[in-house]
Amino acid sequence: MSDLRPSLDTPDVAAAEVAVAVDAAGGGPRSGRRSPRAMAARRFRRNRVAVGGAIFLVLILVVAVFAPLIANHSPYAVDLGAIRQPPSGDHWLGTDASGRDVFARLVYAARVSLLVGVAAALLAVVVGTLVGAVAGLFGGWIDTLLMRTADMMLSFPNIVVVIVLAGLLGPSIPILVIAIAAAEWPTAARLVRGVTLAVREREYLHAARVAGASRGWLLRKHIVPAAMGQIVVVGTISVAGAILSEAVLSFLGLGVQPPQASWGNMLNDAQSLTVIQSMPWLWLPPGLAIAATVLSVNFVGDGLRDAVDPRQSGRS
Amino acid sequence: MTQSEPLLEVDDLAVEFRTDEGVVKAVDGASFTVDRGEIVGVVGESGSGKSVTAMSILGLVKSGRRAGGTIRFRGRDLGALPAKELRSIRGGEIAMIFQDPMTALNPVVTIGRQIVEALRLHDKKLAKGAARDRAIELLALVGMPDAAARFRQYPHEFSGGMRQRAMIAMAIANGPSLLIADEPTTALDVTIQAQVLDLLKVAQQETQAATLLITHDLGVVAELADRVVVMYAGRVVEQGDVITVFTEPRHPYTVGLLESLPRLDRDVDELHPIPGSPPSLLAPPPGCPFHPRCPLARDRCRTERPPLRAVGAAHHSACHFAEELAAVVPTEVTR
């Protein structure tokens, strides 16, 4: 029997097979080491808008981190003798209603706004990923319970959820982060559940089960990695939403409390028509900071989405 | 453990699937054993219950229900084991080789990492470096040229045959005592099939693992197996030594299978397919499930279900008239 068949298990045949495989990979000897992540990074780098956004964000981050070195005044130093001063050589962006340096506050506010934005988005994505993956993998009543909860959260206007939570629990930065995350997690949960349902039926997941993998293992090693690209995208876009939510809540007085500065509560100082008409240095800088940051985050998010899944380009 | 105790003992296994049209009895009272170190071929048409039987051994029947019977592995009833112990047996003592190596590997994880994960899944204390070395060793063992470089590659960079090699490396990673190979060559080119069959032999010799070889290809069984179990409509209809079953089949279905086989070594004018088609498992025919297609069928076959009984030394058949086949079938059906 085995002598009826030509003995093909010889080294030269095997070597030929390697050669074919290398050719099929298309390219030089390094092509074999190109991981999906490396390919995504390359596509991202080709996207100029996204790279521009990323550079701007890095800049903002540097400003936030080195705020004490950049600001020439304390953001909390009240000078009642010099309130609502227009920009000058000393106060580059003027002073606010309490005579505090607007530039210093703007720079320090970057810390709070970025921190709240990133922390809330991170929390939302972690919770959403966990909920979505568990719902998708376990199915049945667990799925129903988790996803109906998510649907409920999604069917409230986000801002109302956050206002109610911030109102109930009292305004503070941790509460703000939790409140924003509570409004954002269902988006991530839905996405991850979708990916989980698709991956769950793949044969390699079945193979992993046959190899003795537990559900926790499947989640860690197969499902979350499979969804990771999209999780990063949703996470990034959530950062933009969270920064906006922070601004809105702080503007309404439910978020970051003065004297601590955030871009949102800086706008709060500029509610009257007089201020808007005649003192643009009070509201234009924080307004522009919010707009530019959110825009950059969205550019990066779009760039990441195109990089992670080239087939699905265009706006969300 | 005594020598005589079989490694795997499937006894009166029944598996059902609920569908909109009713309950499908995919496996209906299948019994067979696998001894340590032996290769047992399970053959049958699509839907005969071969794969469901295999998945039942691992306790992983999708959406199906064990309706009865026991599966003993080394004397332990697998159905009664807690989930955690069952998981440590899966991929540990019992490993599986899948039909389609294209889909059974995660496309975005390197081959090496997948083998490393398989190792670390069963030995949590295994250091990364040691697991890596062992994985490369395994790849080399299954005839992967330049194993260290292959370790870092993704499944799409492998040919079908190479992927199946990687699957086999992964299956034998934890030194199983039972390998289940579900149609291991079906998805491969004919030339690669021969290589993979040779490799299965190597893997079997290397690990001394018993192998349950599930296939519809009688040639593969003839090539590799020591014993053969023929399944039809969820039941075992004949089992015995490969040479005995192929030269002196004692069930009309086995005879039909052998006669429908194209042969290269003899001039055959036409193939003789088995008339009819396999019965619907929603409503299997009463009596012997093969009677509507059987040339020997009589009244008794329509009412009385034939039990699997000894018809020779270590040769069993589930046919009321097995002995008549001795006269009917010329022993020309040789390999």
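The values are calculated or read from the model by the stated rules, or taken from the named source; none is laboratory data. Because the structure is a prediction, the values reported are computed rather than measured. Ideal geometry is used to build each Cβ from the backbone, glycine not excepted, and the neighbour counts take in all protein chains shown.
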Exercise for the section: Answer yes if at least one residue in segment B:65-77 is within 14 Å of chain A (Cβ to nearest Cβ) and part of a loop (DSSP other than H, G, I, E, B), and no otherwise. Expected result: no
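Where residues in segment B:171-192 are facing chain A (nearest Cβ under 9 Å) and modelled with pLDDT under 85, which of them is surrounded by the most Cβ atoms within 10 Å (Cβ to Cβ)? Write out each step before concluding.
Within segment B:171-192, the subset facing chain A (nearest Cβ under 9 Å) is B:171, B:173-174, B:180, B:191-192.
From what's left, modelled with pLDDT under 85: B:191-192.
Details: B:Thr191: 12, B:Ile192: 21.
Result: B:Ile192.
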Practice task
Evaluate segment B:251-261: report whether one residue or more is in contact with a His (Cβ under 6 Å, 6 or more places away or on another chain), buried (at least 18 other Cβ atoms within 10 Å of the Cβ) and not in a loop (DSSP other than H, G, I, E, B).
Solution key: no
Completion exercise
Wholly inside segment A:48-146, helices (runs of 4 or more DSSP H) that include 2 or more residues that are among the β-branched types (Val, Ile, Thr) and touching a strand residue (DSSP E or B) at 6+ places or on another chain (Cβ under 7 Å) are none
Completion exercise
Only one of (1) facing chain A (nearest Cβ under 10 Å); (2) in contact with a Ser or Thr (Cβ under 8 Å, 6 or more places away or on another chain); (3) surrounded by 21 or more Cβ atoms within 10 Å (Cβ to Cβ) does not apply to B:Asp198, and that is (3)
Completion exercise
Selection over segment A:103-148 where residues are under 27 Å from A:Arg202 (Cα atoms) and of a type in the set (S, T, N, Q) yields a count of 2
Handout entry: Tally of residues being touching a residue at least 12 places away in the same chain (Cβ under 8 Å), away from chain B (no Cβ under 14 Å) and in a helix (DSSP H, G or I) across segment A:154-208
Key = 31
Problem - Within segment B:78-107, tally of residues that are surrounded by fewer than 16 Cβ atoms within 10 Å (Cβ to Cβ), assigned to a loop (DSSP other than H, G, I, E, B) and touching a Lys or Arg at 6+ places or on another chain (Cβ under 8 Å) - result: 0
Fill in the blank from the handout: Per the filter on segment A:120-149, residues surrounded by fewer than 21 Cβ atoms within 10 Å (Cβ to Cβ) and touching a Pro at 6+ places or on another chain (Cβ under 9 Å) are A:Met147, A:Thr149
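Determine, yes or no, whether B:Leu281 is within 25 Å of the chain's Cα centre (by Cα) and on the phi < 0 side of the Ramachandran plot.
yes
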Problem - Tally of residues being in a helix (DSSP H, G or I) and within 11 Å of B:Ile111 (Cβ to Cβ) across segment B:126-153 - result: 7
Problem - Boolean, B:Ala140 is among the small types (Gly, Ala, Ser), more than 12 Å from chain A (Cβ to nearest Cβ) and surrounded by fewer than 23 Cβ atoms within 10 Å (Cβ to Cβ) - result: no
Completion exercise
Subset of segment B:34-52, residues modelled with pLDDT of 90 or more and either in a strand (DSSP E or B) or among the polar types (S, T, N, Q) (or both), comes to B:Val34, B:Ile39, B:Val40, B:Gly41, B:Val42, B:Val43
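Hey, can you tell me all the residues within segment B:108-125 that are more than 7 Å from every other protein chain (Cβ to nearest Cβ), touching a residue at least 24 places away in the same chain (Cβ under 8 Å) and not in a helix (DSSP H, G or I)? Quick ask: steps written out before the conclusion?
Taking segment B:108-125 as the starting set, the residues that turn out to be more than 7 Å from every other protein chain (Cβ to nearest Cβ) are B:109-116, B:119-120, B:123-125.
Applying the additional criterion that residues be touching a residue at least 24 places away in the same chain (Cβ under 8 Å) yields B:109-112, B:114-115, B:119, B:123.
The answer is B:Val109, B:Thr110, B:Asp123.
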Handout entry: Qualifying positions in segment A:196-212 - touching an Asp or Glu at 6+ places or on another chain (Cβ under 9 Å) and buried (at least 23 other Cβ atoms within 10 Å of the Cβ)
Key = A:Ala208, A:Ala211
Practice task
Please identify the pairs in which a residue from segment A:245-263 that is on the phi < 0 side of the Ramachandran plot has its Cβ atom under 6 Å from the Cβ atom of a residue that is buried (at least 17 other Cβ atoms within 10 Å of the Cβ) and of a type in the set (D, E, K, R), counting only partners at least 6 apart or on another chain.
Solution key: A:Gly255/A:Glu246; A:Ala261/A:Arg105
Practice task
Spot the failing condition for A:Val256; the list is (1) within 14 Å of another protein chain (Cβ to nearest Cβ); (2) in a loop (DSSP other than H, G, I, E, B), and only one is missed.
Solution key: (1)
Problem - Hey, B:Glu45 under 15 Å from the mean Cα position of the chain (by Cα), surrounded by fewer than 17 Cβ atoms within 10 Å (Cβ to Cβ) and of a type in the set (D, E, K, R) or not - result: yes
Handout entry: B:Thr247 farther than 28 Å from B:Asp182 by Cα and modelled with pLDDT under 90
Key = no
Exercise for the section: Would you be able to tell me the number of residues in segment A:56-112 that are within 17 Å of A:Gly264 (Cα to Cα) and of a type in the set (Phe, Trp, Tyr)? Expected result: 3
Problem - segment B:40-74, residues that are closer than 25 Å to B:Asp20 by Cα and among the basic types (Lys, Arg) - result: B:Lys50, B:Lys62, B:Arg65, B:Arg66
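Can you tell me how many residues within segment A:225-240 are within 12 Å of chain B (Cβ to nearest Cβ) and either modelled with pLDDT of 90 or more or in contact with a strand residue (DSSP E or B) (Cβ under 7 Å, 6 or more places away or on another chain) (or both)? Steps first, answer last, please.
Residues of segment A:225-240 within 12 Å of chain B (Cβ to nearest Cβ): A:225-229.
After this cut, where a residue has to be either modelled with pLDDT of 90 or more or in contact with a strand residue (DSSP E or B) (Cβ under 7 Å, 6 or more places away or on another chain) (or both) as well, the list is none.
Count: 0.
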Practice task
Test B:Ala67 against the criterion of being at negative phi and touching a strand residue (DSSP E or B) at 6+ places or on another chain (Cβ under 6 Å), and give yes or no.
Solution key: yes
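Just to be sure, is B:Pro176 in a loop (DSSP other than H, G, I, E, B) and in contact (Cβ under 8 Å) with a residue 24 or more places away in the chain?
Numbers: in a loop (DSSP other than H, G, I, E, B): yes; in contact (Cβ under 8 Å) with a residue 24 or more places away in the chain: yes.
Taking the combined requirement at face value, the residue satisfies it.
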Practice task
Could you tell me whether any residue of segment A:242-249 is part of a helix (DSSP H, G or I), surrounded by fewer than 24 Cβ atoms within 10 Å (Cβ to Cβ) and not small (Gly, Ala, Ser)?
Solution key: yes
